[in-house]
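Only one structure is covered here, and it is reproduced in the block below.
The values are calculated or read from the model by the stated rules, or taken from the named source; none is laboratory data. These figures come from a predicted structure and were not determined experimentally. Note that each Cβ is placed from the backbone with ideal geometry, even for glycine, and that neighbours are counted across all protein chains shown.
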Amino acid sequence: MTPLENFLKDVQEIHALRAGVDETSYYGALDALLNEHGKMLKPRVRCILHIKNRGAGLPDGGLFTADQFDKKSSHEVKKASSRLAERSR
């Protein structure tokens with residue numbers, strides 16, 4: 001299936017349950033769609049939903065390129081994951 005077909009299927013399934021919230025229940029499907037299409041762009045783009053307020057209100061999400069990701073925070077996540085793995089042994 002194409003990313004769009006997957007998105008439409010996911011949205012239809014969520015809607016059919018009648019248990020979701022009007023907007024935010026569909027965020028997972030939207031995130032997957034935007035990330036799949038973002039992989040095809042040059043430069044590649046990644047969708048991050050529920051980003052923090054940076055002065056213009058609380059946005060639903062944003063599209064970011066790889067150079068916008070902080071390399072240091074990525075390194076810190078790897079260190080924390082490593083420490084967690086050591087504790088679980």
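Within the range 2-36, being modelled with pLDDT of 90 or more and of a type in the set (A, V, I, L, M) holds for 4, 8, 11, 14, 16, 17, 29, 30, 32, 33, 34. For the range 44-57, a residue qualifies if it is part of a loop (DSSP other than H, G, I, E, B) and either modelled with pLDDT of 90 or more or closer than 18 Å to residue 4 by Cβ (or both), and exactly one does: 44.
Taking the criterion of being in a loop (DSSP other than H, G, I, E, B) and surrounded by fewer than 13 Cβ atoms within 10 Å (Cβ to Cβ), the residues of the range 1-43 that qualify are 1, 2, 18, 19, 21, 22, 23, 39, 40, 41, 42, 43.
Kindly indicate the residue of the range 58-73 that is surrounded by 10 or more Cβ atoms within 10 Å (Cβ to Cβ) and outside any strand (DSSP E or B) and also modelled with the lowest pLDDT among those meeting that condition. Don't jump to the end; show me each part of the working.
Going residue by residue through the range 58-73, those that are surrounded by 10 or more Cβ atoms within 10 Å (Cβ to Cβ) are 59-66, 68-69.
After this cut, where a residue has to be outside any strand (DSSP E or B) as well, the list is 59-60, 66, 68-69.
Details: 59: 80, 60: 83, 66: 84, 68: 85, 69: 76.
Filtering the range 58-73 for residues that are surrounded by 10 or more Cβ atoms within 10 Å (Cβ to Cβ) and outside any strand (DSSP E or B), the one modelled with the lowest pLDDT comes out as 69.
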